[in-house]
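Novice: This is the structure I have questions about; it appears just below.
The values are calculated or read from the model by the stated rules, or taken from the named source; none is laboratory data. Since this is a predicted model, take the numbers as computed values, not measurements. Reconstructed Cβ throughout: ideal geometry from the backbone, glycine too, with neighbour counts over all protein chains shown. Just the protein is used for accessible areas: all its heavy atoms, side chains included, with ligands, DNA and RNA removed. Shrake-Rupley method; radii C 1.70, N 1.55, O 1.52, S 1.80 Å.
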Amino acid sequence: MRLECTADDAPAVARRVRRTVTETVDVAPILEAVRERGDAALAEYEEQFGNDAPGIVPPDELAAALDALDPAVRAGLETAIANVRTVAETGVDDEAEVTLPEGQTVRLREVPVRRAAIYAPGGRHPYPSSVVMGAITARAAAVDEVVVAAPGHPTILAAAALCEVDEVCRMGGAQAIAALAYGTETIRRADVIVGPGSLWVQEAKRQVAGIVGIDGFAGPSDLTIIASSGADPEPLRLDLMAQAEHGEGSLVVAVSDDEALLHELEVGVTVHAADLDAALAFAEALAPEHLQLAGEAAERLAPRVRNAGCLFVGIESGTAFG
């Protein structure tokens, strides 16, 4: 899809782009079935959706997956683990205390949950990065128990072993969210469920949010890149492709006032902006999960960005790295 955009019509163009991937799903029957019938319903849905039989993955299977992991993939995961741990530990606040003018003292303290569950998608492509981002962050926060829910792809299992999670539950989809929220005969309930996933998974998280904590509505993935003249199109194109591989529900958008640059970035939706102010107005109206600014002029927009889940400035800080 190719669209034109000015600052005045940016909200309308953004609504049109968002509608290309908007859909609704009904996960309530799945949640209710697992809540009422536990393991039996979980097994039925796993079979219906073509997954392996659900259950707790034994430690020797995790160890075997790690031993068989491609050394280059292992090295990449270890780098990611180190990076995520460094950032996560920096984000853990120390206890703080303040005394008010009237003499009362208020103490602020972050207390970790007892059991955190990380959902790792395993549909078209395995996402060990989801394991790393969730598990290592939970460890940095001193969570007592960290559990991963994912189909049993060897790379996912190897990542779970590298992150030293306490438990891996072989299950996926909305039924996995239900099992983690309500508990079954073999799956213990969690205090919080985090991680990306399909629309089914995210809608299930939304519906159980009153029973467990969730991180938010994350996924399927979307990425908007605002690029200006001088940006190298190849790494940007690769970033768009990396997000597009999440599936049909993923929205990838390239926005630029440079026609030639847009031609190099025709991976998903392309928006030709009248100028960079129009490009920013479009991105603010779209409110993407990931927003990347590339090119000297585009990067100068960073202080003005208000509506994005994550902001990446410069080609060297690409979305896949972030």
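Novice: Protein chains only, probe 1.4 Å: how do ARG170, ARG189, ARG18 rank by accessible area, largest first?
Specialist: ARG189, ARG18, ARG170
Novice: Compute the FRET efficiency between SER229 and ALA320 as 1/(1 + (r/R0)^6), taking r as their Cβ-Cβ distance and R0 = 41 Å, and round to the nearest 0.05.
Specialist: 0.95
Novice: Calculate what fraction, in whole %, of the accessible area of the chain sits on carbon and sulfur atoms when a 1.4 Å probe is rolled over the protein chains.
Specialist: 51 percent
Novice: Which GluC sites (Glu not before Pro) in the stretch 81-117 pass both tests, a DSSP loop state and at most 14 other beta-carbon atoms within 10 Å?
Specialist: GLU95, GLU102, GLU110
Novice: So, one more: With no solvent and one point on each alpha carbon, what is the Debye value of log10 I(q)/I(0) for the chain at q = 0.09 Å⁻¹?
Specialist: Reported log10 I(q)/I(0), two decimals: -0.53.
Novice: Per residue, how much accessible area does the stretch 1-132 have with a 1.4 Å probe, in Å²?
Specialist: Value returned for the stretch 1-132: 64 Å² of accessible area per residue.
Novice: Return one quarter of the surface area of the convex hull spanned by the alpha-carbon atoms of the stretch 94-134, equal to its mean projected area, in nm².
Specialist: With every direction weighted equally, the projected area is 4.8 nm².
Novice: Still on this structure, I have one more. Rolling a 1.4 angstrom probe over the protein chains, ignoring ligands and nucleic acids, what is the accessible area of HIS263 in square angstrom, nearest 10?
Specialist: My reading of the accessible area for HIS263 is about 120 Å².
Novice: Next question, about the same structure. Between ARG306 and LEU238, what length comes free when the chain is fully extended (0.36 nm per residue of separation minus the Cα-Cα distance, one decimal in nm)?
Specialist: 22.0 nm
Novice: Compute the distance in nm between two label points, each set 7 Å from the Cα along the Cα-to-Cβ direction, one at GLU296 and one at ARG18.
Specialist: Distance between label points: 3.5 nm.
Novice: I want to verify a result. In a Gaussian network model of the chain, Cα cutoff 10 Å, which of these has the top mean-square fluctuation: GLN48, GLN202, GLN175?
Specialist: So, out of GLN48, GLN202, GLN175, the one fluctuating most is GLN48.
Novice: Summarise the long-distance tail of P(r) for the stretch 148-211 by giving the % of C-alpha pairs beyond 14 Å.
Specialist: Tail of P(r) above 14 Å: 56 percent of Cα pairs.
Novice: Need one number: nm distance between label points at ASP70 and GLU4, each 7 Å from Cα along Cα→Cβ, rounded to one decimal.
Specialist: Label-label distance for ASP70 and GLU4, simple model: 4.5 nm.
Novice: Here is a follow-up. Peptides 11-17, 310-316, 180-186: what's the order by average Cβ count within 10 Å, highest mean first?
Specialist: Going from most to least packed, we get 180-186, 11-17, 310-316.
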